[in-house]
Each structure stands twice: as structure tokens, then as C-alpha cells.
Amino acid sequence: MRAAVLEEHGEPLSIEDVDAPDPTPEGAIVEVEACGVCRSDWHGWQGDWGWLGLETEPGQILGHEPAGRVVAVGEDVEGVAEGDHVAVPFNLGDGTCPQCQRGHSNTCENVMPLGFIEDAQGAFAEQLHVPVADHNLVTLPDGVSSVDMAGLGCRFMTSFHALAHRADIGAGDWVAIHGCGGVGLSAVHIADALGGNVVAVDLKDEKLEKARELGAVETVNAEETANVPGEVKAITDGGAGVAMDALGIETTSQNSVMSLETRGQHIQVGLTTQDEQGMVHLPTDAMVMGEIEFIGSLGMPPTRYDEIFRMVATGKLEPEEVVSETIGLEDVSDKLDAMTDFETVGIPVIDTFD
Ligand SMILES: [Zn+2]
Ligand SMILES: [Zn+2]
């Protein structure tokens, strides 16, 4: 089968023929119909996240936002069958640990991040193997295409879990989204759908324009603004009730915390880069004085995907609005390269693999 294989960090992926996977007894093979290209792939391509034990090795196939058809299942699989139209979550769980059993398989004790480890080869390929298929595969409802699902990707799932489950957004609450890449733009759209008044923050006007289209009522260009938290506080008359760092660099994390009102909630969704290596300085005393909450949020348990599907089916969420273009497998390296300088707007989705 065709696959885009990592040879060296930061170098173009090698498009080559590799052996197609065979299912383990509990696994399934999915023929990929669409897969989003996202900033997490860029981190994997750069060789980031060694501090999380997730530094990719040569030979890795990236790609963690697939949807497609089941083409083979292992002998112990009962819940899915050949021909099923499925999404593959990016945090694959083992299905048996206490976290999985309590419905939190996004924080599985033996989590297998799709496309980052040898045992979970990714979806920049014609087919991929999904371990523990009964637990991990999500059947797509009618009306959600593979490209729709790839458009939802990890960004909608991550943003939805963060805003709908982890944060407490009330009607008309100010919500500040720092960083308007894929996850940030999705967060703008979701926060708006949940009743928040959204302030979007980014360095680029074209991304802020897209944020307005997706529901932001105010925007702040962080390149032209000396004091971003001060500007958010001025717009919101005292600070946002909920603020999200959707990027994962020190500046956006700090700006998010400092843009909050008293008892505001900061949601950290972005994982950090080589510059921070997981450590960010925070205004601790101000957080104590203001009873600020710092909340981490990771992905979304697949058992709750149906909440998003219902909002997509009724038109409250429109994932296709975040998809910028459909591309072929051979175009992935160029898209990753463009992400280095934050030049992509919205999400490219691969829909051609041969
Ligand atoms: Zn588990
Ligand atoms: Zn992703």
C-alpha cells in the first residue's frame, strides 16, 4: 500500500509502497478515505514531545485524523464488521484499564497515540491497523462523510471536550481563544454554539477574519497589540470567564491566564514546543489572588462523540467550514512545511491516497 513515511525529522516524508497491515485478534484494518493534516503531525514531524515519551522514530507513519471503511477484522472482534463506516480516535485506549472502564479512555493508562508510536502506525497511508477495535472504533452516523469526520479531526474533539465538558461556559460568558489554528478556530465555533461571546486572538488578520466567520464577536491582533491580556480585559470589561491556550507556547499560555476575570478558568489544550519542553512560567500569585483555575484538557473520550455528531446533524456545528482544501498524499510534506511559519489557514484534508 502507499504510505507517507517519516525518514528524518523535518525532512520531506517519503511516499513509498509498504506492507499492508494484518489485523491482530482484537484489531481491525481500516481503509482510509480521508485524514486531516494538523499541527500535532507537525510536532511529530519535528520530533517534538520527547519529554512526553512521544518522539517519533524513523519509519513512523504519521496521521491521526482518519475516517474510512473497515476492510478486515480480527477473530475476537464483535462490535464492528467489514464495510462499517468508522472514525478512528487519535488517543487509542486499551479498553481495560480503570480510566477506560470509567469512560475516560482519552487518558488511558496505556494510551496509544495514533501516528506517534510503532504500535499505532498512522493514517497517512491507504490502510491502518486499529488495536482493540471494539473499544476504539466509532461508527459514523449517516450524513457524516469521511471528509466531514477528518474535518472534525482531533481539533473539534479536543475543543469540544475542553469547552463543553471541562470548562463551565454560561450563556453570554466571554470566552477568549488564544491562537486561531485548527484547534483554535474549532474552539471559536464551538464556544459560539455553546452560547459564549468569543474574543479571538491571533497574530494574523486572515485567521482573525476566519474566526469572525465562525462566530467570534471581537478579535485581537496580537502582533499589533502591546498588551494582549489588557486588550481582552478592556473588550470584556474585566476579563474573560473562560480562556483557552489553543497553541501551546509560553506567550499564549500566559496571555490566556492573564486575560481572565476573577475566578476565571484557563483551559490548556495546546501541548508545548521545543522552546518550553513542557514547562511554562505562570503568574502564580495573581492566580491565587484571583482564584484562577488552570485546567488541562486532552482529546475526548470516543463514548461522547455522539454529542458532536448530533450538533453536526442539526447544523449547529459545521466542520466543513474549517476544512481549507482537499489534497493528495504526496502534498502532505508541503503542508507540514507551511505550518512551520503558521502559513496554513484552516485544515487540509487528504482524500486521495494512491
Ligand atoms: Zn485504558
Ligand atoms: Zn490532529
- Message: Can you tell me how the chain classifies by the Cα gyration tensor, rounded, prolate or oblate, using a/c under 1.5 as the rounded cut?
- Response: prolate
- Task: Please work out the C-alpha center-to-center distance from region 42-78 to region 259-300 and express it in whole Å.
- Result: 28
- One finds, for residue 354 and residue 213 with R0 = 30 angstrom and r their Cβ-Cβ distance, a FRET efficiency to the nearest 0.05 of 0.35
- On the protein heavy atoms, probe 1.4 angstrom, tell me the percent of accessible surface of region 156-296 carried by carbon and sulfur. 46
- Item | Per-residue [θ]222 nm for the chain (sum of -39500 (n - 2.57) over DSSP H runs n ≥ 4, rounded to 500) | -7000 deg cm²/dmol
- Message: Could you give the length gained by full extension between residue 274 and residue 342, i.e. 0.36 nm per residue of separation minus their alpha carbon distance, to one decimal place?
- Response: 22.9 nm
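Can you give the extra length, in nm with one decimal, that the chain gains between residue 204 and residue 102 once fully stretched, where that is 0.36 nm per residue apart less the Cα-Cα distance? Walk me through the intermediate numbers first.
Values: separation 102, 0.36 × 102 = 36.72 nm, distance 4.10 nm.
Value of the extension gain: 32.6 nm.
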- Task: Using a 1.4 Å probe and ignoring any ligands, DNA or RNA, find the accessible area of residue 112 and quote it in Å² to the nearest 10.
- Result: 30
- Around residue 252 (Cβ within 15 Å, Cβ-to-Cβ, excluding residue 252; K/R +1, D/E -1) the net charge comes to -4
- Query: With a ≥ b ≥ c the root eigenvalues of the C-alpha gyration tensor of region 196-288, is it rounded (a/c under 1.5), prolate (a/b larger than b/c) or oblate?
  - Reply: oblate
- Accessible area of residue 262, 1.4 Å probe, to the nearest 10 Å²? 90
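Assigning unit charges at the beta carbon (Lys, Arg +1; Asp, Glu -1) and nothing else, what dipole magnitude in debye, to the nearest 20, does the chain show about its Cα centre? The partial results should precede the final answer.
Working: 16 positive and 63 negative charges, 293 e Å.
Roughly 1400 debye, rounded to the nearest 20.
Of the listed peptides 280-286, 238-244, what is their order by residue-averaged count of other C-beta atoms within 10 Å, with the highest listed first? Intermediate values should be presented prior to the final figure.
On the way: 280-286: 12.4, 238-244: 25.7.
Peptide ranking by packing, descending: 238-244, 280-286.
What's the FRET efficiency of residue 314 with residue 109 using the Cβ-Cβ distance as r and R₀ = 56 Å, to the nearest 0.05?
Numbers: r = 36 Å, r/R0 = 0.64.
Working from the Cβ atoms, E equals 0.95.
Could you order peptides 174-186, 18-30, 198-210, 50-62 by the average number of other Cβ atoms within 10 Å of their residues, highest first?
On the way: 174-186: 30.2, 18-30: 18.1, 198-210: 21.6, 50-62: 16.5.
In descending order of packing, they fall as 174-186, 198-210, 18-30, 50-62.
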- Query: For the chain, modelled as a GNM with alpha-carbon contacts under 10 angstrom, which of 38, 108, 154 fluctuates the most?
  - Reply: 108
- Query: What residue among 102, 212, 166 shows peak mean-square fluctuation when the chain is described by a Gaussian network model with Cα springs under 10 Å?
  - Reply: 102
- Task: Skip the ligands, DNA and RNA, and give the accessible area per residue of region 156-296 with a 1.4 Å probe, whole Å².
- Result: 42
- Message: Quick check on region 206-354: take the gyration tensor over C-alpha atoms, sort the square-rooted eigenvalues as a ≥ b ≥ c, and tell me if it's rounded (a/c under 1.5), prolate or oblate.
- Response: prolate
- Note on the structure: Dipole check, region 156-296, charges on Cβ (K,R +1; D,E -1), about Cα centroid: among 203, 236, 264 the Cα furthest to the positive pole belongs to 264
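The values are calculated or read from the model by the stated rules, or taken from the named source; none is laboratory data. All values reported here derive from a predicted model rather than from experimental measurement. Every residue, glycine among them, receives a Cβ derived from its backbone with ideal geometry; neighbour counts consider all protein chains shown. When the accessible area is computed, the model is the full protein with side chains, heavy atoms only, and any ligands, DNA or RNA have been set aside. Shrake-Rupley method; radii C 1.70, N 1.55, O 1.52, S 1.80 Å.
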